[in-house]
1. Any chance you could count how many residues in the range 95-119 are part of a helix (DSSP H, G or I) and either surrounded by 12 or more Cβ atoms within 10 Å (Cβ to Cβ) or in contact (Cβ under 8 Å) with a residue 24 or more places away in the chain (or both)?
2. Tell me which of these Gly70 doesn't satisfy, since it passes every other one: (1) assigned to a helix (DSSP H, G or I); (2) farther than 23 Å from Arg189 by Cβ; (3) modelled with pLDDT under 90.
3. With respect to Glu136, is the statement that it is open to solvent by 40 Å² or more (accessible area, probe 1.4 Å), within 25 Å of Val73 (Cβ to Cβ) and either in contact (Cβ under 8 Å) with a residue 12 or more places away in the chain or not polar (S, T, N, Q) (or both) true?
4. Take the residues of the range 142-161 that are of a type in the set (Ser, Thr, Tyr) and assigned to a loop (DSSP other than H, G, I, E, B): which is farthest from Cys254 (Cα to Cα)?
5. Taking helices (runs of 4 or more DSSP H) that do not extend beyond the range 1-67, which have at least 2 residues that are farther than 28 Å from Glu120 by Cβ, open to solvent by less than 40 Å² (accessible area, probe 1.4 Å) and touching a helix residue (DSSP H, G or I) at 6+ places or on another chain (Cβ under 9 Å)?
6. Going by the structure shown, is Arg166 in contact with a Gly (Cβ under 7 Å, 6 or more places away or on another chain), open to solvent by 30 Å² or more (accessible area, probe 1.4 Å) and closer than 17 Å to His212 by Cβ?
7. Scan Val208, Val218 and give me the residue that is touching a helix residue (DSSP H, G or I) at 6+ places or on another chain (Cβ under 7 Å), modelled with pLDDT of 95 or more and at negative phi.
Amino acid sequence: MSTVTGPGVYRGMPEDRYHADPTAEGSLSNSGAKLILESPARFRWAMDNPTTKRAFDFGRAAHAEVLGTGALVVTVPPELCAKNGAWSTTDAKEFIAKSQEAGLTVLKPEDVTVIADMAEALREHPIVRLLLKDGEAEASYFWRDPETSVMMRARMDWMTKLPGGRPCIVDYKTTGRSANPARFGWEARDYGYHMQDVCYREAADTLVEPGHAFLFIVQEKTAPYLVSVCEMDDDLRDVGAQRHRVARRLYLDCRTSDEWPGYAPIVHTISARADYALEPIGATA
């Protein structure tokens, strides 16, 4: 049964319900926009074959610890594990399956310890401590793109206000690379975070009030769990906005025609200087 009947801010929506797209007509998230730019065929496959990636469990658990909301974290009891501690026994596998079916996040004990240490490092950062002092976690936003009328959706990690009163979206990223701001700029482009900035601010500006700021809290997953707080410049946001425009038109074209092309059936010339093109390969005219 569909939950979302129209544009608005939906609070208390379970994370899995949001990711399953609770709209009757279908909606486009920022993750979907990135995927359809890579390939409409890949996007369609992902929609028809939803999966939950275990690789995201650590990040989800870190978010739950830091933001105080989300799936509970459990670990396999030692008595169910093999003698060497491995989760290879039948009992351990059954415990994992039942826990995941119940919506719990299953992590290794050492990962639970790391997440607790990461949360402590965040609490010691003066800007992060201020940003996370008061706010709202994990609200889901649904709105219409004014150009295409496509229903869009976004789920905010945290909404707060800056000391001067400006409303601010805060997104928490864990990284296995580096939280160095100079490095994160490249990672942000590679992972489409500039598209997320534009998409989420559009959602909040449309449904709440105009003028939202957007800040990333970036934290390394290895000791000493270094933290940086980053904000994108206008140039990077402009690129993100352009890519969203293409993604939304492409989504509308594919949905209207019910054609979801892959890569064009030609011989593609590549170069060491090649960068991500604005127009995706296989895009419809």
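The values are calculated or read from the model by the stated rules, or taken from the named source; none is laboratory data. These numbers come from a predicted model, not from an experiment. Ideal geometry is used to build each Cβ from the backbone, glycine not excepted, and the neighbour counts take in all protein chains shown. What goes into the accessible areas is simple: the full protein's heavy atoms, side chains included, and nothing from ligands, DNA or RNA. Shrake-Rupley method; radii C 1.70, N 1.55, O 1.52, S 1.80 Å.
1. Step one: of the range 95-119, the residues part of a helix (DSSP H, G or I) are 95-101, 109-119.
Filter again for either surrounded by 12 or more Cβ atoms within 10 Å (Cβ to Cβ) or in contact (Cβ under 8 Å) with a residue 24 or more places away in the chain (or both), leaving 95-96, 99-100, 109, 111-112, 114-119.
Total satisfying the criteria: 13.
2. That leaves (1) as the condition not met.
3. On the way: open to solvent by 40 Å² or more (accessible area, probe 1.4 Å): yes; within 25 Å of Val73 (Cβ to Cβ): yes; either in contact (Cβ under 8 Å) with a residue 12 or more places away in the chain or not polar (S, T, N, Q) (or both): yes.
Yes: the conditions hold for Glu136.
4. Narrowing the range 142-161 to residues of a type in the set (Ser, Thr, Tyr): 148-149, 160.
The next check asks that each one be assigned to a loop (DSSP other than H, G, I, E, B); those that pass are 148-149.
Working: Thr148: 13, Ser149: 14 Å.
This residue is Ser149.
5. Numbers: elements: 15-19, 30-38, 40-48, 57-67.
Of the helices (runs of 4 or more DSSP H) lying wholly inside the range 1-67, those with at least 2 residues that are farther than 28 Å from Glu120 by Cβ, open to solvent by less than 40 Å² (accessible area, probe 1.4 Å) and touching a helix residue (DSSP H, G or I) at 6+ places or on another chain (Cβ under 9 Å) span 30-38, 40-48.
6. Working: in contact with a Gly (Cβ under 7 Å, 6 or more places away or on another chain): yes; open to solvent by 30 Å² or more (accessible area, probe 1.4 Å): yes; closer than 17 Å to His212 by Cβ: yes.
Answer is yes for this residue.
7. Values: Val208 fails: touching a helix residue (DSSP H, G or I) at 6+ places or on another chain (Cβ under 7 Å).
Sole residue among the options that is touching a helix residue (DSSP H, G or I) at 6+ places or on another chain (Cβ under 7 Å), modelled with pLDDT of 95 or more and at negative phi: Val218.
Conditions (1) out of contact with any Leu (no Cβ under 7 Å at 6 or more places or on another chain); (2) over 29 Å from Asp197 (Cβ atoms); (3) of a type in the set (Ser, Thr, Tyr), marked per residue:
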site	(1), (2), (3)
Asp238	yes, no, no
Ala247	no, no, no
Asp253	yes, no, no
Gly262	yes, no, no
Pro265	yes, yes, no
His268	yes, yes, no
Ser271	yes, no, yes
